[in-house]
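Okay, structure first, notes after.
The values are calculated or read from the model by the stated rules, or taken from the named source; none is laboratory data. In this text, all values refer to a predicted model and were calculated from it rather than measured experimentally. Here Cβ is always computed from backbone atoms with ideal geometry, including for glycine, and neighbour counts include all displayed protein chains.
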Amino acid sequence: MITRRGAMAVVLTPDRRQVLLLRREVFILWDLPGGGIEKNEEPACAAVRECREETGYAIETERLIGRYLHQSVYGRGDQLTHVFRARAVGGKPKRIGLEITGLRWCNVDELPRGLQPLQRQMIADALVDAAEPLERRIDFPKWKLYPARVVFFALRYINDTIRRFL
């Protein structure tokens, strides 16, 4: 059962040698920019909005890479994530804050250790010019999923508490 819909952007340099990655509040993990799709929002618009909010960069989506079905780290059920290849067209890097603790352009052939297999697959798929968008199901090992849910909920609670006092 799909309980969450998300959108992510694989933002590449024009030569496709580097990809924009960020560190979420779980400081050891690198990730692609993205997040939840709001009610009545198109997935491509969500990817553009989330990238701007998280990184400071304005992007244009080039194409839908695929739809990835995976377990949600935000609760029970599955998440359907729409992934777009994109390029930066403006903006500047955002300052580090509570939700994002790092931001950098990484070589696509030297991705950081803290990047999960799901995002590695999304980047690999973005580098291929497939005729049609892909449909993939990727499962996390259960030993990673449940601790990740606990950590995400704890850090969200802490960050929300801190924001109330700012």
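Among the residues of region 123-154, which ones are at pLDDT 60 or above, of a type in the set (K, R) and surrounded by 13 or more Cβ atoms within 10 Å (Cβ to Cβ)? Selection gives R136 alone.
Number of residues in region 20-58 that are over 23 Å from R137 (Cβ atoms), among the aliphatic types (A, V, I, L, M) and under 14 Å from the mean Cα position of the chain (by Cα) equals 5. For region 26-53, a residue qualifies if it is touching a residue at least 60 places away in the same chain (Cβ under 8 Å) and either within 13 Å of L103 (Cβ to Cβ) or of a type in the set (F, W, Y) (or both), and the qualifying residues are F27, W30, D31, L32.
Rundown of residues vs (1) modelled with pLDDT of 95 or more; (2) among the β-branched types (V, I, T); (3) in a loop (DSSP other than H, G, I, E, B), yes/no style:
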| position | (1), (2), (3) |
| --- | --- |
| L20 | yes, no, no |
| E54 | no, no, no |
| V73 | no, yes, yes |
| L80 | no, no, no |
| V89 | yes, yes, no |
| P93 | no, no, yes |
| I96 | no, yes, yes |
| G102 | no, no, no |
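Within region 1-18, track down each residue that is outside any strand (DSSP E or B) and either of a type in the set (S, T, N, Q) or at pLDDT below 90 (or both). Correct list: M1, T13. For region 107-118, check the following and say yes or no: at least one residue is at pLDDT 95 or above, in contact with a strand residue (DSSP E or B) (Cβ under 7 Å, 6 or more places away or on another chain) and in a loop (DSSP other than H, G, I, E, B). Yes, some residue in region 107-118 is at pLDDT 95 or above, in contact with a strand residue (DSSP E or B) (Cβ under 7 Å, 6 or more places away or on another chain) and in a loop (DSSP other than H, G, I, E, B).
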